[in-house]
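Asks: Handing you this structure, nothing more for now.
The values are calculated or read from the model by the stated rules, or taken from the named source; none is laboratory data. Values in this document were obtained by computation on a predicted structure and should not be read as measured data. All Cβ positions, glycine included, derive from the backbone under ideal geometry; neighbour counts span all protein chains shown. Quick note on the areas: whole protein, heavy atoms, side chains included, nothing else; ligands and nucleic acids left out. Shrake-Rupley method; radii C 1.70, N 1.55, O 1.52, S 1.80 Å.
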Amino acid sequence: MNFFNFLSLAGGLAMFLYGMNIMGSGLEKLAGSKLEIILTKMTSNIFKSVLLGALITAVIQSSSATTVIVVGLVNSGILKLDRAIGIIMGANIGTTITAQILALGDISSSNFFLQLVKPTALAPMMAAIGIVFFMFLQGNKQKNLGQILMGFGILFIGMQSMENAMAPLRDLPQFADILIALSNPILGVLAGTILTAVIQSSSASVGILQAVSSTGQLRYSTAIPIIMGQNIGTCITAILASIGANKNAKRAAAVHLYFNVIGTAVFLTAIYAVQHLVGFGFWNEAITRADIANFHTVFNICTTVLLVPFYKGLGKLAEMSIRSKKGEEDLTPEVPLLDERLLASPGLAIEQARSVVLKMGEYGQKNCSKMVSQLFSYDQKTADNIAEYEAAIDKMEVTLSRYLLKLTNQPLSDQESRQVSEMFWLVTEFERIGDYAINVLERGGEIADKKVVLSDMAKRELITLDKAIGEILGKAVAAFRNRDVAVAREIEPLEETIDQIKDALKAQHIERLKQGTCSIDAGVIFLEILTNLERIADHCSNIAAYVVGYEGEQKGDFDAHQYRQTLHDGREEEYNRLYQEYSEKYSVH
């Protein structure tokens, strides 16, 4: 084997990887962002998750791509770890489709149609059709289809180039010696792991192994441990994707690694035990491309069947490996990372951004639940914790704004463009709620520093208003989280009730000031608190209008001001009923 053979081998590998890349990219574009969003919608049980992971990976031709997407979804909070495990398992099955396609090269028949599907005929035909679609047709779908066909053709042309470059190896004794050495299971697994980790694609490394099999020198005893190692090596991509991500994202990557390591250990032990006790008749025979593809598929299916019943155990193992400090989940706010690799799929990127907006709302709700108690008994530790959550909200506002701005540079549909615009607006709404909670906290610090005394009546009034604020904020977050229009419609009558409470409390407090039963300092602070609490309710009303406008029947142009005006002027029966109910529930007279 001379220098030019090595050059041909390198060029063939480059074409193979490039073809796989553009074919997968074209398939993903053709499928659209909805394909990826399905990952978050159809994972209600482990079996659906496995099937979904297999189908998605078969479509985009890359288990690495699927697991990277899953890590991103877990990192952003869209997908829970236990639901991600099944998708990761299924991805290992779906990735075997590439090897099965490459195995078509073993077809031997004089039948014209069977000859037509052999890569030697199919590859140039697909590439030729693809270039016509890509260069001469105008629609995006046609161009994406052309990209898929070109990638398919280039992949097989690269495969043929690798096979031709390796042809001289069949007569090289040193090559046979290397393959014999790799029949050692530990060395074989290690070689497969390293090769796949370097090129970051198990499909590509299995394709290389299939090219080696064309020399006729590759035996079952050598190929089997290498194939198992290739499944471990493909985990490197998800591991790299989890660097800098949160703990659950790291755990998702760890599950992928544990799944393949455990599967390899069990399968390798079983195979070599049977070989030692009984012996396989084919063990030292040459392995074909089809045999490699079939073993790759069988190994991944068997590993999945073996570990599916223990999927929760895999999650626990990952949690044990990547631990959270005691109380960390509750006391330390987590700022989700926004994965910019998902910007190429706007639908998924919007869902990721939405999950972070929801996290802002949940953190604001957490702070609001503690703020009024700080007025009566100021605790520095609690105040510091509220400040930490507010800092996290501010960080999320900045990262979300930058992320959404980058998203506007992507090709968006009209609906996606509107969603992004609404998301910009919602970021501000939730961030302002957090600011008002901090304002109330600061008044608590002022009360403590100045030793201001609030009357018992003022305390009771604030507690009543605080309960109303807690309910309206809970409804706003729940309506946004669940896209629940019915809950959103309950917010406006509560917001009007809170307005009436604020006016009543303001009037009552002014009377106390006139009568001298309340100090000036306490009076000023009390009125500032009322204003901040009432503004939280205003922002909840804005969020409710968004849910009604976007998630309800009015999915076209929606005027939030007109919506509220209609409610207040028309006084619908349900609105009146709820207003009366809230007024009685939060009476301050």
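Asks: Could you tell me how many of the residues in the stretch 383-409 are farther than 27 Å from residue 421 by Cα and open to solvent by less than 40 Å² (accessible area, probe 1.4 Å)?
Replies: Filtering the stretch 383-409 for residues farther than 27 Å from residue 421 by Cα gives 383-388.
Imposing the further condition that a residue be open to solvent by less than 40 Å² (accessible area, probe 1.4 Å) reduces the set to 383, 385-386.
Summing the residues that are farther than 27 Å from residue 421 by Cα and open to solvent by less than 40 Å² (accessible area, probe 1.4 Å) in the stretch 383-409 gives 3.
Asks: If a residue has to be open to solvent by 90 Å² or more (accessible area, probe 1.4 Å), at pLDDT below 70 and more than 27 Å from residue 421 (Cα to Cα) to count, how many in the stretch 558-589 make the cut?
Replies: Within the stretch 558-589, the subset open to solvent by 90 Å² or more (accessible area, probe 1.4 Å) is 561-562, 569, 572-574, 577, 580, 584-585, 589.
Subset that is at pLDDT below 70: 561-562, 569, 589.
Then drop every residue that is not more than 27 Å from residue 421 (Cα to Cα), which leaves 569, 589.
Residues flagged as open to solvent by 90 Å² or more (accessible area, probe 1.4 Å), at pLDDT below 70 and more than 27 Å from residue 421 (Cα to Cα) within the stretch 558-589 amount to 2.
Asks: Kindly check whether there is at least one residue in the stretch 192-205 that is within 28 Å of residue 274 (Cβ to Cβ), in contact (Cβ under 8 Å) with a residue 24 or more places away in the chain and surrounded by fewer than 24 Cβ atoms within 10 Å (Cβ to Cβ).
Replies: yes
Asks: So is residue 124 modelled with pLDDT under 80 and touching a Gly at 6+ places or on another chain (Cβ under 7 Å) or not? Before you say what the answer is, go through the steps one by one.
Replies: Numbers: modelled with pLDDT under 80: no; touching a Gly at 6+ places or on another chain (Cβ under 7 Å): yes.
Criteria not met by residue 124.
Asks: In addition: Restricting attention to the stretch 443-465, which residues are under 26 Å from residue 396 (Cα atoms) and crowded, with 17+ Cβ neighbours inside 10 Å? Spell out the reasoning first.
Replies: Of the stretch 443-465, the ones under 26 Å from residue 396 (Cα atoms) are 443-445.
The answer is 443, 444.
Asks: Quick one: is residue 211 surrounded by 23 or more Cβ atoms within 10 Å (Cβ to Cβ) and either touching a strand residue (DSSP E or B) at 6+ places or on another chain (Cβ under 7 Å) or over 17 Å from residue 288 (Cβ atoms) (or both)? If you could, list the steps in order and put the result at the bottom.
Replies: Working: surrounded by 23 or more Cβ atoms within 10 Å (Cβ to Cβ): yes; either touching a strand residue (DSSP E or B) at 6+ places or on another chain (Cβ under 7 Å) or over 17 Å from residue 288 (Cβ atoms) (or both): no.
Answer is no for this residue.
Asks: If residue 534 satisfies every condition in (1) modelled with pLDDT of 90 or more; (2) in contact with a Leu (Cβ under 6 Å, 6 or more places away or on another chain) but one, which is the exception?
Replies: (2)
Asks: Next up: So how many residues does the stretch 213-228 have that are closer than 23 Å to residue 275 by Cβ and over 37 Å from the mean Cα position of the chain (by Cα)?
Replies: At the first step, the residues of the stretch 213-228 found to be closer than 23 Å to residue 275 by Cβ are 213, 216-228.
Then keep just the ones that are over 37 Å from the mean Cα position of the chain (by Cα); that gives 213, 216-222.
So the answer is 8.
Asks: With respect to residue 143, is the statement that it is at negative phi, modelled with pLDDT under 75 and surrounded by 14 or more Cβ atoms within 10 Å (Cβ to Cβ) true? Explain how you work it out, then say what you get.
Replies: Values: at negative phi: yes; modelled with pLDDT under 75: no; surrounded by 14 or more Cβ atoms within 10 Å (Cβ to Cβ): yes.
Against the criterion (at negative phi, modelled with pLDDT under 75 and surrounded by 14 or more Cβ atoms within 10 Å (Cβ to Cβ)), residue 143 does not qualify.
Asks: Any idea which of (1) more than 20 Å from the chain's Cα centre (by Cα); (2) closer than 22 Å to residue 51 by Cα is the one residue 254 doesn't satisfy?
Replies: (1)
Asks: Would you confirm, using the coordinates I've provided, whether residue 303 is modelled with pLDDT of 90 or more, polar (S, T, N, Q), under 30 Å from residue 72 (Cβ atoms) and open to solvent by 20 Å² or more (accessible area, probe 1.4 Å)?
Replies: On the way: modelled with pLDDT of 90 or more: yes; polar (S, T, N, Q): yes; under 30 Å from residue 72 (Cβ atoms): yes; open to solvent by 20 Å² or more (accessible area, probe 1.4 Å): no.
So residue 303 does not fit the description; no.
Asks: Which one of these does residue 337 not meet: (1) of a type in the set (A, V, I, L, M, F, W, C); (2) at pLDDT below 90; (3) more than 30 Å from residue 402 (Cα to Cα); (4) open to solvent by 40 Å² or more (accessible area, probe 1.4 Å)?
Replies: So residue 337 meets the others, but not (3).
Asks: For the stretch 226-241, which residues satisfy the criterion of being open to solvent by 10 Å² or more (accessible area, probe 1.4 Å) and of a type outside the set (A, V, I, L, M)?
Replies: Selection gives 237 alone.
Asks: Another question about this same structure. Mind checking which pairs have a first residue in the stretch 430-459 that is under 26 Å from residue 587 (Cβ atoms) and a second that is assigned to a loop (DSSP other than H, G, I, E, B) and among the aromatic types (Phe, Trp, Tyr), Cβ under 9 Å, 6 or more apart or different chains?
Replies: 444/378; 447/378
Asks: Any residue in the stretch 218-239 that is closer than 21 Å to residue 318 by Cα and at pLDDT 90 or above sitting within a Cβ distance under 7 Å of a residue that is open to solvent by 20 Å² or more (accessible area, probe 1.4 Å) and of a type in the set (Ser, Thr, Tyr)? List the pairs, counting only those 6 or more apart or interchain.
Replies: These pairs meet every condition: 229/193; 232/193.
Asks: Something else: Exactly one of these conditions fails for residue 428: (1) open to solvent by less than 60 Å² (accessible area, probe 1.4 Å); (2) assigned to a helix (DSSP H, G or I). Give me its number.
Replies: Among (1) open to solvent by less than 60 Å² (accessible area, probe 1.4 Å); (2) assigned to a helix (DSSP H, G or I), the lone unmet condition for residue 428 is (1).
Asks: While we're on this one: Output the residues belonging to the stretch 162-191 that are of a type in the set (Gly, Ala, Ser) and either surrounded by fewer than 18 Cβ atoms within 10 Å (Cβ to Cβ) or modelled with pLDDT of 80 or more (or both). Let's see the steps before the verdict.
Replies: Start the filter on the stretch 162-191 by keeping residues that are of a type in the set (Gly, Ala, Ser), which leaves 165, 167, 176, 181, 183, 188, 191.
Of everything in the stretch 162-191, those that are of a type in the set (Gly, Ala, Ser) and either surrounded by fewer than 18 Cβ atoms within 10 Å (Cβ to Cβ) or modelled with pLDDT of 80 or more (or both) turn out to be 167, 176, 181, 188, 191.
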